[in-house]
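One structure is given below, encoded as structure tokens.
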Amino acid sequence: MRAVSEPYADSLESIRIPHTWVEDALGYVTSIVVTSLGLYLIQSVGAVTGGTAGLSLLVSYWTGLPFEVLFVLVNLPFFGLALSKKGLGFTVRSLGCVIAVSAMTHGLGDLLPLEGLDTVYGVVAGNLLVGLGLLVIFRHGASMGGFNVLALVLQERLNLRAGYVQMGLDVAVVLLALAVVAPVTVLLSAVGAIVLNIILAFNHRPGRYLA
């Protein structure tokens, strides 16, 4: 992987155009809507995905506890890392987005009832939507917590692509699903997690996005 030279990185920084608060707000809303829809599709077919969202789904299937509560609780320890490495603003924005996604995912059960959704479509489309939602929120100075925070910190500190870091962590979560979810569904979940992280690895990398 070719590293961005310091002079080139400095020149990119000099032409960087910051987002306005309106653009950031629209980005957060877009990410929340798209991510919650993706998670809802995945949940509707009984599959899992990577990250703390996948871990929350897995625990939800295992215990029967609601996903929207678990998603917030599982993410809480990671916000300590976010606070120390990314600052208060990033942490508050990310926590707000996680809470909003949890609430909206729960609400979609009434707004968009799904019966008989094809499993392959639910997994692939759901992970595509989650990947797009994460990509949007990364570019507006926030995250969906959990592994996203760790992946962003490692990308900034060690120049490791966030998508590849997240992919490794996601594989572990999907493998854990073998204890709860049918093997065929786990295999589809693994494919979906790869799709999600390919979106991040190809599109979220140092120097590619200037705003």
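The values are calculated or read from the model by the stated rules, or taken from the named source; none is laboratory data. Keep in mind the model is a prediction, meaning the values are calculated, not measured. Counting neighbours? That spans all protein chains shown, and the Cβs are built from the backbone with ideal geometry, glycine included. Side chains are part of the model used for accessible areas, which takes the heavy atoms of the whole protein and leaves out ligands, DNA and RNA. Shrake-Rupley method; radii C 1.70, N 1.55, O 1.52, S 1.80 Å.
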*Within region 82-112, how many residues turn out to be free of Cβ contacts under 8 Å to residues at least 12 places away in the same chain and of a type in the set (D, E, K, R)?*
1
_Counted residues, region 42-58 - those being open to solvent by less than 20 Å² (accessible area, probe 1.4 Å), in a helix (DSSP H, G or I) and either modelled with pLDDT of 90 or more or not hydrophobic (A, V, I, L, M, F, W, C) (or both)_ = 7
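Return the total of residues in region 40-68 being within 17 Å of the chain's Cα centre (by Cα) and farther than 20 Å from P183 by Cα. Quick ask: steps written out before the conclusion?
Within region 40-68, the subset within 17 Å of the chain's Cα centre (by Cα) is 40-43, 47-58, 67-68.
Still in the running and farther than 20 Å from P183 by Cα: 40, 52, 67-68.
The qualifying residues number 4.
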*Pairs under 6 Å by beta carbon, first residue acidic (D, E) in region 54-72, partner part of a helix (DSSP H, G or I), six or more apart or different chains?*
E68/S102; E68/T105; E68/H106
*Exactly one of (1) open to solvent by 20 Å² or more (accessible area, probe 1.4 Å); (2) touching a residue at least 60 places away in the same chain (Cβ under 8 Å); (3) aromatic (F, W, Y) is unmet by F79. Its number?*
(1)
*Might you let me know whether region 91-104 holds any residue that is farther than 15 Å from G133 by Cα and open to solvent by less than 20 Å² (accessible area, probe 1.4 Å)?*
yes
